[in-house]
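Engineer: Below are the C-alpha cells for one structure; questions will follow.
Only the coordinates and a few stated rules stand behind these numbers; no lab work does. Not measured: the values here are computed from a predicted model. FYI the Cβ positions are ideal-geometry reconstructions off the backbone, even for glycines, and counts take in every protein chain you see.
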Protein chains: 2
Amino acid sequence: MKSDSAFLSAARVATVTLFAFLSSCLQVRAESDPLPSWNEGAAKTAIIDFVKTTTDPASPKFVSPEARIATFDQDGTTWVEQPMYTQVMYCLDRVPALAEKKPELKSIEPFKTVLSGDREAIAKLPKEDLLKILAATLTGMTVDDFNAEVKTWIETAKHPRFKRLYTDLTYQPMLEVMRLFRDNGYKTYFVTGGGQDFVRVYAERVYGVPLEQVVGSVGATEFSHDKDGKPILIKVPKLLLNDDNAGKPEGIHFVIGRRPVAAFGNSIGDKEMLEYTQAGGGARLMLLVHHDDAEREYAYGPDSKVGTFSDALMDEAKSNGWIVVSMKNDWKRIFAFNP
Amino acid sequence: MKSDSAFLSAARVATVTLFAFLSSCLQVRAESDPLPSWNEGAAKTAIIDFVKTTTDPASPKFVSPEARIATFDQDGTTWVEQPMYTQVMYCLDRVPALAEKKPELKSIEPFKTVLSGDREAIAKLPKEDLLKILAATLTGMTVDDFNAEVKTWIETAKHPRFKRLYTDLTYQPMLEVMRLFRDNGYKTYFVTGGGQDFVRVYAERVYGVPLEQVVGSVGATEFSHDKDGKPILIKVPKLLLNDDNAGKPEGIHFVIGRRPVAAFGNSIGDKEMLEYTQAGGGARLMLLVHHDDAEREYAYGPDSKVGTFSDALMDEAKSNGWIVVSMKNDWKRIFAFNP
C-alpha cells in the first residue's frame, strides 16, 4: 500500500538522518584533540597511540575492558608538590587548632617550632619530628571528623607561592590524560604516597577519581562505639600501608588486585610501580613527569627533598622505554589558569 | 508542505512505536520475579521493596548511584561453610604437595596429622596448628603461582558431603539477590573473613563480583625481583587485615571508603559490619542468613565452630530490625541443582 511504503520510506529517512547526525557527532569528537594542553611531540603521540591501540578490538595490543587499569601518582605527577607535599601543609596548618585543644603541646617540640611560624625552622624539622606532627594531626579522631576538617581546609587554604587553592594547582595536561583514559573505558586510580583518607576527600571532585579508586598510604582505623552507642571508626597511629616505592605495587595488589597497563609517576617513589606495570608484558605505558620548568612551576632534581628524579631513574627510563615528559617542552600550559 | 507533514507524522509514529516497544520490554522485566528461588514472605518482600525505593528518584529513600554499595559475607552467607571453611579445605589439601617439596614436614606436627588423613584428628587440631598450616600453604610463593594453584583446586576439588565442586554449593537465592542489586546500579562487594587473594580467583566467574570488589583478610606481599630480574610479588606470613568482626568495617573503610547501604551476613563475625551499615542512617538493609535446614544444607547454632549464630545475635537482629532469613522456610531451593 502506498501509505505504508511512504511511512517506511519516511521512517528510513528519519533513521538515516539520525545515524548520520550521531556519526557526525562521534567524528567531531574523534577528530578533536583529546590533549589540547600538550605540545605536539613524541610524548603526546605515544599517549594517544597507546589508548587507540589498546582499545581497538582489531589490534593485537587490545586490552579487555576489565583489565583497563591506569594508575597515577599524585604529588608531582598530577599536582604541585613544592615547597612541601600538600598534606604536610595541611598537618602544619592543623597544629594551632590542636594546641588549642591540648595546650601542653605549646611548649613541646616540634609543635613549638610549628606554632612559632618560623618557615625556615619548620622546613628544617627532621623526619622524626615531621612524623610526630603527622601522627598528631591525622589520627585520634573519627573518619567523619577527619573528612570534614580536610574538606574545610582544601576549600580555603592557599599555596604560598601561587596564592591559589591547592586544587587549582593540578596539571591541566594530566587532567586531560586522565579523562582520555576514562573516555576509553579505563579505570583511573590514584596510587599515592599521600594519605588515602586525605586524597579521597577531593579526588572525585577535582580529578574525577571516585574515592574507592584512591590507593594511598593507610593508617589503621579502629571500630568502636561513641558515648551514645553509635558505631564509629577512629583513626589510630598505626601504619598499615606505606604506599611508596615497593609499597606501590603492594598497595595496588591489596586494593585493586590487577596489574595496571599504564602507570604515571614523577619520582623514585614511583620506580617500582612502573617496573611492576611493565613486567605484565604486552601493551604497557610507563610515564614520568620531569620537573624542569622553574618559571611556570619548579625545576628540581636529585637533591630535592621531595619528588627526587635521579640520574639513575632517568637511565632506567631510557633503557626501559618509559616516556619522560618535559614540563617545559611538552606542556603548552601547566595550570588551567595559565594563558 | 504535504510531504513534509507526512514525513513528520510517519517519523512520529516510528518514534512512538519504538518507545512503546522499549517500555513493553522494560515492563516485562519489571513484572518478572527477580527472586524466583525465594518463597513469598517478609524477607523477600523487604529485599525487593528496599531495592525499589532506594533506586526510585521520587522516593525520599533514594540513594544516589555512586553510594549504592552492598556488601556480602561469603562463608555461610553465599556458599556452604561446613564442615570447614572452603579455604581451610584448600590449605589441608595443599599439605601433601608441600611435603613433597619439604620432606622434613612429614615428621612434624601438625603436618604429620594432616598427612595421616585421619579426619577426626584433623578436625580436632587446635587453632594455633591451623594457623601454622595456613601460613605454610598460603605464603612463600608469588601471587601468580598462588592464583594458579587455587584455580586448579577450585575447578576440581569436591565437597565431602555433597560430592560436588565447592563452586556448585553457592546459594541460588543469594546469587539472585546479588544480581538484583547489580541490575539496579548497586556495586556488590564481598567482605569476607576468607583470604582476599583466594576469593578473587573465582569471585567474578562464580558470583559476578569483579576482583577489585573483594575485601577479605589480607596477608602482606613483598615486592621483589626473581632471578631473571623480573618484578614479582611474594606472599609473606604477615597479616595486614583480619577481615572479621571489627575488621569488617575497618576493611570496608580501607578498600571501599564508603559505608554500605546494604549488608548481608550469617554470623557473629558479621555483627559489626551490620551495625556500621545501619549507623549510616536513612534507608539501610541488614540481613542475616540463619542455617536451620539440616536436610538440604546444615543446621547450626551457638555451639558450632564456624558461623556461630548466637542467641545474643538473634536478639540484636530483632531489636535492630535486621532481616533474619530462615533457609528452611524462606528458600524454595538452596542450590541450583536442587529440584
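Engineer: Taking a point 7 Å out from Cα toward Cβ as the label site, list the nm distances between A:Asp293 and the same residue in every other copy, smallest first.
Structural biologist: Inter-copy label distances (nm, one decimal, shortest first): 6.3.
Engineer: Can you give the alpha-carbon Rg of chain B over 2.2 N^0.38 Å, where N counts its residues?
Structural biologist: With N residues counted in chain B, Rg over 2.2 N^0.38 Å equals 1.18.
Engineer: Report, please, the projected area of the protein assembly as shown averaged over directions, based on the convex hull of its C-alpha atoms, in nm².
Structural biologist: 38.7
Engineer: Restricting to chain A, what percent of DSSP beta bridges are antiparallel, rounded to 5?
Structural biologist: Rounded to the nearest five, the antiparallel share is 40 percent.
Engineer: Which of A:Met273, A:Met84, A:Met286 comes first, and how do the rest follow, when ranked by fewest Cβ neighbours within 10 Å?
Structural biologist: Ascending Cβ contact count within 10 Å gives the list A:Met84, A:Met286, A:Met273.
Engineer: Now a separate question. Report, for the protein assembly as shown, the % of DSSP beta bridges that are antiparallel, rounded to 5.
Structural biologist: 40
Engineer: For label points placed 7 Å from Cα toward Cβ, what is the shortest-first list of nm distances from B:Pro36 to its copies?
Structural biologist: 5.2
Engineer: Place the peptides A:251-257, B:324-330 in order of packing, highest mean first, counting for every residue the other Cβ atoms within 10 Å and averaging per peptide.
Structural biologist: Descending mean neighbour count gives A:251-257, B:324-330.
Engineer: Taking the Cα centre as origin and putting +1 on Lys and Arg beta-carbons and -1 on Asp and Glu beta-carbons, what dipole magnitude results for chain B, to the nearest 20 debye?
Structural biologist: Result for chain B is approximately 660 debye, rounded to the nearest 20.
Engineer: Using a label point 7 angstrom from Cα along Cα-to-C-beta, what distances in nm, from shortest up, separate B:Asp93 from the other copies?
Structural biologist: 5.5
Engineer: While we're here: Per residue of B:224-234, what is the mean number of Cβ atoms on other protein chains within 10 angstrom of that residue's Cβ?
Structural biologist: 3
Engineer: Now for a different question. What is the spin-label model distance, in nm, from B:Glu109 to B:Glu128 if the labels are put 7 Å beyond Cα along the C-beta direction?
Structural biologist: About 1.0 nm, to one decimal.
Engineer: Would you count, across region A:42-115, every pair of lysines whose alpha carbons are under 18 angstrom apart, provided the pair is eight or more residues apart or spans two chains?
Structural biologist: 4
Engineer: Additional query: Roughly how crowded by other chains is peptide A:252-264, in terms of the mean Cβ count from those chains within 10 Å of each of its Cβ atoms?
Structural biologist: Mean partner shielding for this stretch: 4.
Engineer: Moving on. What is the average number of partner chain Cβ atoms found within 10 Å of a Cβ in B:203-213?
Structural biologist: 2
Engineer: With everything on Cα atoms, drop me the angle between helix A:86-101 and the longest principal axis of chain A, reported from 0 to 90° to the nearest 10.
Structural biologist: 40
Engineer: Okay, moving on. Give me B:Glu149, B:Glu222 ranked fewest to most by other Cβ atoms within 10 Å of their Cβ, as a rough exposure proxy.
Structural biologist: Result, fewest neighbours first: B:Glu222, B:Glu149.
Engineer: Report, to the nearest 10°, how far helix B:196-207 tilts away from the longest principal axis of the Cα atoms in chain B, using its own Cα long axis and a range of 0 to 90°.
Structural biologist: With both axes taken from Cα atoms, the answer is about 40 degrees.
Engineer: Would you mind ranking A:Leu165, A:Leu134 so that the residue whose beta carbon has the fewest other beta carbons within 10 Å leads the list?
Structural biologist: A:Leu165, A:Leu134
Engineer: To the nearest 10 degrees, how steeply does helix B:42-54 sit against the main Cα axis of chain B, on a 0 to 90 scale?
Structural biologist: 60
Engineer: Would you work out which of A:Val150, A:Thr77, A:Pro160 lies farthest towards the positive end of the dipole of chain A? Charges go on Cβ: Lys and Arg +1, Asp and Glu -1.
Structural biologist: A:Val150
Engineer: A further question on this structure: Contact order normalised by length for chain A, with contacts defined as Cα pairs under 8 Å and 6 or more residues apart; what percent is it?
Structural biologist: 21
Engineer: Let me ask something additional. Using the Cα centre of the protein assembly as shown as the reference point, and only Cβ charges (+1 on K/R, -1 on D/E), how large is the resulting charge dipole? Debye, rounded to the nearest 20.
Structural biologist: The calculated dipole for the protein assembly as shown is roughly 1160 debye.
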